[in-house]
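Asker: Have a look at the structure that comes next, please.
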Amino acid sequence: MSRFIDATGERFWVVERERAAVTVTFGAVGENGRARTLAFDDPETAEMVVDRLTRDRLNRGYREWVGGTTAEALERGLWDHRDETPRWAAYADHLIESGDPRGELTRLQFELEGGGLTRVERRRWRKRVAELTAAHWAAWLGPLATHATPDGDAGAVPCRFRRGRLADVTFRHLTVVEARALAA
């Protein structure tokens, strides 16, 4: 089985061959997609069709998806296209549907970056961001959490999340203990 994802990270395409049959599944990332099976006279013909279809997808800008979850595919798409709003919305929605509180954090922080919020909404959303960060700080930062705070209180390492991901970590003087926590 070979899996591919398009250049936008929004569509997938999967091809697999079993004996003389080729099944192609395609659709939007995060959905089951549609499947189509083609039967051939012999396995060699089926293999040639798989090769031809695969070349066609690669020529259309698809790249091989070497494994991972939907979240990993969405994250790879974000890495390549950091400023595309629909990708962030899809990523946040997927995390929310998966029960990951980073989804809500991503959504709130992304909306706070944009305009259109009233002063009351902005204040309420910032408060919710602070609540989420406080509640999940240790889980999101792992061993680094014991050395860091959101604002660098009392000489701790200041950290900042942006769009639900750790964006900034500032070390004034990196100690061996902090370096080990960062590497963990």
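The values are calculated or read from the model by the stated rules, or taken from the named source; none is laboratory data. Quantities reported herein were computed from a predicted structural model and do not represent experimental measurements. Glycine also receives a Cβ, built like all others from the backbone with ideal geometry; neighbour counts cover every protein chain displayed.
Asker: With the checklist (1) part of a loop (DSSP other than H, G, I, E, B); (2) under 22 Å from the mean Cα position of the chain (by Cα) in hand, flag the one item Ala138 doesn't pass.
Answerer: Failed condition: (1).
Asker: Now for a separate question. Does the stretch 26-46 contain any residue that is surrounded by fewer than 17 Cβ atoms within 10 Å (Cβ to Cβ), touching a Phe, Trp or Tyr at 6+ places or on another chain (Cβ under 8 Å), assigned by TED's automatic domain parsing to the domain that holds Trp137 and not β-branched (Val, Ile, Thr)?
Answerer: no
Asker: Moving to a separate point now. If we scan the stretch 84-96, do we find a residue that is touching a His at 6+ places or on another chain (Cβ under 8 Å), buried (at least 16 other Cβ atoms within 10 Å of the Cβ) and among the basic types (Lys, Arg)?
Answerer: yes
Asker: Consider Arg124 carefully, then state whether it is modelled with pLDDT of 80 or more and not in a strand (DSSP E or B). Give the derivation first.
Answerer: Details: modelled with pLDDT of 80 or more: yes; not in a strand (DSSP E or B): yes.
Criteria met by Arg124.
Asker: Are there any pairs, at least 6 apart or on different chains, whose C-beta atoms fall under 9 Å, with the first in the stretch 1-14 and farther than 21 Å from Thr37 by Cβ and the second of a type in the set (Lys, Arg) and modelled with pLDDT of 80 or more, and if so, which?
Answerer: That search, which allows pairs on different chains as well, returns Ile5/Arg11; Ile5/Arg63; Asp6/Arg57; Asp6/Arg60; Asp6/Arg63; Ala7/Arg60; Ala7/Arg63.
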